[in-house]
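The values are calculated or read from the model by the stated rules, or taken from the named source; none is laboratory data. Since the structure is predicted, the reported quantities are computational estimates derived from the model, not experimental observations. Here the Cβ positions follow ideal geometry from the backbone for every residue, glycine too, while neighbour counts run over all protein chains shown.
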Amino acid sequence: MFENNEIKLFTLALGIQDPWEITKIELDNTLNLHIYISFKRGSKFFCKSCNKKCSVHDTKEKVWRHLNFFEHKTFIHAKVPRIKCDEHNVHLVDVPWASGQTGFTILFEEFVMALAKKMSILALTKIVDENYGKIWRIIKKHACKYIKSIDCSKVTQFGLDETSVKGHHYITVFIDLKTSRVLFIADGKCGDNIEKFRNFFVERGGDPNQVTEVTSDMNMGFTTGIKKAFPNSKIIYDKFHVIKMINEALDEVRKSENKKYSELKGSKYIWLKNEENLTSKQKNKFTKLSKMNLKTGIAYRLKLAIQNIYSLSYSPDLAIGEFDEWISWALKSRLKPFINVARTIKSKMKGVTNYFFCRLTNAMLEGTNSMIQNLKSRGRGYSNLENFKAMIYLMNSENRVIG
């Protein structure tokens, strides 16, 4: 049994205030620390619904896991009052050291959330010596609180992109381009996800008619859905997606010549990098390859031309002219991968050149995708998709427990 001075110390450490008081502290046979809290006789408590002080009807015993004191696992025990409110009947009051029904204190939950952002959940459970399912209960609770906190009333620009989760399973992530906050995560990568997001957007106070720009890849299902759900928005096909298509086409051309010219062996990243980023060794090899009459060289110049269009401050009209010239060159190049890219850009010209109105890209989404890939690597696969989505939401939240 602990003495009065020690009880005062724990009272200060836990921030216990009137009418609550620590009545007893003890260690059990396994050296777990148990702190017993009660309230002063005759105390009244506020009803959270009407903010009126009400008398205690009865009590209910509850236990919460708290942060360890030194090496001791710590548990808080309390007889929580149920108050009788004339307007809201009999119900439990909120206690200042815990939030919700997880069975953990606020400080313990904050500790778990901070660790969850840095390590695998399996490693976390070993550190805190707690049940795997209970840890996920905390994570999902705060993911839900993050979702409820989302306000779409001021969102006028958003981006969307799909990313693989495991095998052939995908999610579509929607992000506010001004704040970089994740707004919504939908299962799969179908066009129906646009309508699901629109419904969520309206529920969270957003006006679809106020959305002015949407960045996306060239998925036809997305395009159709965006036009229907957000009628006043400009659809901007992400420039990084266009350049990615160009790089993939360039690498296809290189592969087709690889067997014919041994000099191309090991040159993949020489063509995909910008010249200023090449190492000295790569620059020497690039100089030699540039002197050869290679189809890969033509493909490389086509890539540079696209990059040049994006790097200059063209107006949309001038950009259309530049893209038209590039398309003509690509179609005459006799390089099948570039002919396919040219036809794609031509069919999506308006969305491609809308970039030159506002210079918006999916760069923030790429950062989110990088975070998602790190989560996948750290988690080595999640037991279900909902757990994975909860982790993404948690990564966007603050380490703060909201009551």
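Laid out as a table, the results:
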| item | result |
| --- | --- |
| Single match in LYS332, LYS348 (criterion: surrounded by fewer than 21 Cβ atoms within 10 Å (Cβ to Cβ), basic (Lys, Arg), closer than 23 Å to ASP217 by Cα and more than 14 Å from the chain's Cα centre (by Cα)) | LYS348 |
| Subset of segment 264-278 that is in contact with a Lys or Arg (Cβ under 8 Å, 6 or more places away or on another chain) and surrounded by 14 or more Cβ atoms within 10 Å (Cβ to Cβ) - its residue that is farthest from LYS350 (Cα to Cα) | LEU264 |
| Scan of segment 171-211 for residues that are in contact (Cβ under 8 Å) with a residue 60 or more places away in the chain and either of a type outside the set (D, E, K, R) or in contact with a Lys or Arg (Cβ under 9 Å, 6 or more places away or on another chain) (or both), ordered by number | ILE171, VAL173, ILE175, LEU177, SER180, VAL182, ILE185, ASP187 |
| Test result for SER38, of a type in the set (S, T, N, Q), closer than 13 Å to HIS91 by Cα and assigned by TED's automatic domain parsing to the domain that holds GLY15 | no |
| Filter result for the condition that a residue is at pLDDT 95 or above and surrounded by 20 or more Cβ atoms within 10 Å (Cβ to Cβ), over ALA319, ALA390, ALA342 | ALA342 |
| Hits in segment 116-127 (condition: part of a helix (DSSP H, G or I) and either over 16 Å from LYS140 (Cβ atoms) or not assigned by TED's automatic domain parsing to the domain that holds LEU14 (or both)) | LEU122, ALA123, LYS126, ILE127 |
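Okay, residues lined up against (1) in contact with an Asp or Glu (Cβ under 8 Å, 6 or more places away or on another chain); (2) assigned to a helix (DSSP H, G or I); (3) not assigned by TED's automatic domain parsing to the domain that holds GLN307:
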{"site": "GLY206", "(1), (2), (3)": "no, no, yes"}
{"site": "ASN209", "(1), (2), (3)": "no, yes, yes"}
{"site": "PRO231", "(1), (2), (3)": "no, no, yes"}
{"site": "ALA249", "(1), (2), (3)": "no, yes, no"}
{"site": "GLY266", "(1), (2), (3)": "no, no, no"}
{"site": "TRP271", "(1), (2), (3)": "yes, yes, no"}
